[in-house]
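Okay, so here's the structure we're looking at.
The values are calculated or read from the model by the stated rules, or taken from the named source; none is laboratory data. Predicted model, so just to flag it, every value in this text is computed and none were measured. Here the Cβ is made from the backbone with ideal geometry for all residues, glycine too, and neighbour counts use every protein chain on show. The area values use the complete protein model at the heavy-atom level, side chains included, leaving out ligands, DNA and RNA. Shrake-Rupley method; radii C 1.70, N 1.55, O 1.52, S 1.80 Å.
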Amino acid sequence: MGVLNVTPDSFSDGGRWLEHTAAIEHGLALVADGADIVDVGGESTRPGAERVSTDEELRRVVPVIRELSAAGIRVSIDTMHAATAAAAVDAGAEIVNDVSAGLADAEMAPIVAATGALYVAMHWRGHSDRMDDLAHYDDVVAEVRDELAVRVGALTDAGVDAARIVLDPGLGFSKRAEHNWALLGGLDRLIDLGFPVLVGASRKRFLGAVVAPDADVEARDLPTAVVSALSALSGAWAVRVHDVRSTRTALDVARAWQSGGRDDRA
């Protein structure tokens with residue numbers, strides 16, 4: 001899943017793809033580099049980010065989704081707004097990627113149920129302005145697992161097809177570095193819930209410590225690729241990344257490892 005931020009303030013690439021033509025070209029480039037899905041987002045969810053109105057979010061993402069979908073690309077909409085999710089699916093998006101798992105907008109679950117879109121429900125405890133204050137756990141893997149299970153129950157009660165739900169442990173969202181590493185190490189316990197799992201570690205702060213805390217975010221692409229490959233070997237359904245090319249290579253190596261070199265792509 002390649003990240004396409006149509007935003008001025010995302011932590012990694014804010015402003016680079018804000019203009020529609022540039023965004024569409026970057027989406028095509030992500031696919032050329034090996035992305036299976038392009039995840040289009042119009043609101044930054046980095047810590048401290050300001051909220052974006054639905055109208056502005058729609059203005060940013062709908063033309064991009066429409067063009068990429070028309071080109072035959074599988075598109076995901078990264079949004080917490082039910083109205084944006086509905087408009088994005090109408091424009092051709094097949095997946096709704098909601099970092100709040102329906103907690104930010106009570107209309108999200110009914111909208112997703114009505115559209116039949118695949119729904120990524122991420123572990124979430126609060127908006128960007130307070131997420132760091134909520135990073136308190138006794139057993140982060142058990143608590144994230146239990147809280148995701150509660151969200152699954154609420155979503156299915158609201159009519160969302162359980163077979164259309166993907167879970168995301170929410171690395172970096174109300175989690176410190178040690179929480180993120182514990183969740184990655186305990187990925188099998190999340191997968192045991194019986195749902196596909198998306199891992200989004202790309203360029204996040206906890207990876208910066210592996211290279212150098214003050215290094216450019218692009219320096220985090222190598223550890224991102226390693227984490228992505230290990231996540232795939234652990235059974236992740238997909239990985240969400242900014243630099244598709246390096247992760248695609250790492251995934252191909254992991255696939256060759258798993259197959260003993262017998263995979264056609266190896």
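Out of the total accessible area of segment 30-73 (probe 1.4 Å, heavy atoms of protein only), what percent is carbon and sulfur? Looking at segment 30-73 in its full context, I get 45 percent from C and S. What you get for the chain, charging only the Cβ of Lys and Arg (+1) and of Asp and Glu (-1), is a dipole of about 520 debye around the Cα centre.
Since only Ala182, Thr156, Gly41 are under comparison, the one whose Cα sits farthest along the positive direction of the charge dipole of the chain, derived from C-beta charges on Lys, Arg, Asp and Glu, is Ala182.
If a/c stays under 1.5 just call it rounded; otherwise compare a/b with b/c (prolate if a/b is bigger, oblate if not). Do that for segment 153-266, with a ≥ b ≥ c from the square roots of the Cα gyration tensor eigenvalues. Could you put the intermediate results ahead of the total?
Details: a/c = 2.11, a/b = 1.18, b/c = 1.78.
The shape class here is oblate.
Let me know the shape class of segment 1-144, please: from the alpha-carbon gyration tensor, a ≥ b ≥ c as square roots of the eigenvalues, rounded when a/c is under 1.5, otherwise prolate if a/b is greater than b/c, or oblate. Prolate.
Determine the sum of side-chain charges near Val140: Lys and Arg each +1, Asp and Glu each -1, restricted to other residues whose C-beta is under 13 angstrom from that of Val140. Every neighbour counted, the sum reads -1. Our analysis of segment 118-216 gives Rg over Rh at 0.99, with the two radii drawn from alpha carbon positions and Rh computed by the Kirkwood formula. Roughly how many Å² of Glu25 are accessible to a 1.4 Å probe, to the nearest 10? Taking all protein chains as shown, Glu25 has close to 120 Å².
Highest first, please rank the peptides 27-36, 85-94 by the mean number of other Cβ atoms sitting within 10 Å of their residues.
Most protected by this proxy first, the peptides run 85-94, 27-36.
Computed extension gain for Trp257 through Ala71, at 0.36 nm per residue and net of the alpha carbon distance, reaches 63.7 nm. Mean separation of Cα pairs under 8 Å and 6 or more residues apart, divided by the residue count, gives the chain a relative contact order of 15 percent. Structural descriptor for segment 93-249: relative contact order 20 percent, calculated from alpha carbon pairs under 8 angstrom and at least 6 residues apart. Taken over segment 99-147, the convex hull of the Cα atoms encloses 81 Å³ per residue. With 5 Å bins beginning at zero, the pair-distance distribution over Cα atoms of segment 220-266 amounts to 5, 26, 32, 23, 11, 3, 0 %.
The mean of 1/r over all distinct Cα pairs in the chain, once inverted, gives the Kirkwood hydrodynamic radius of 18.5 Å.
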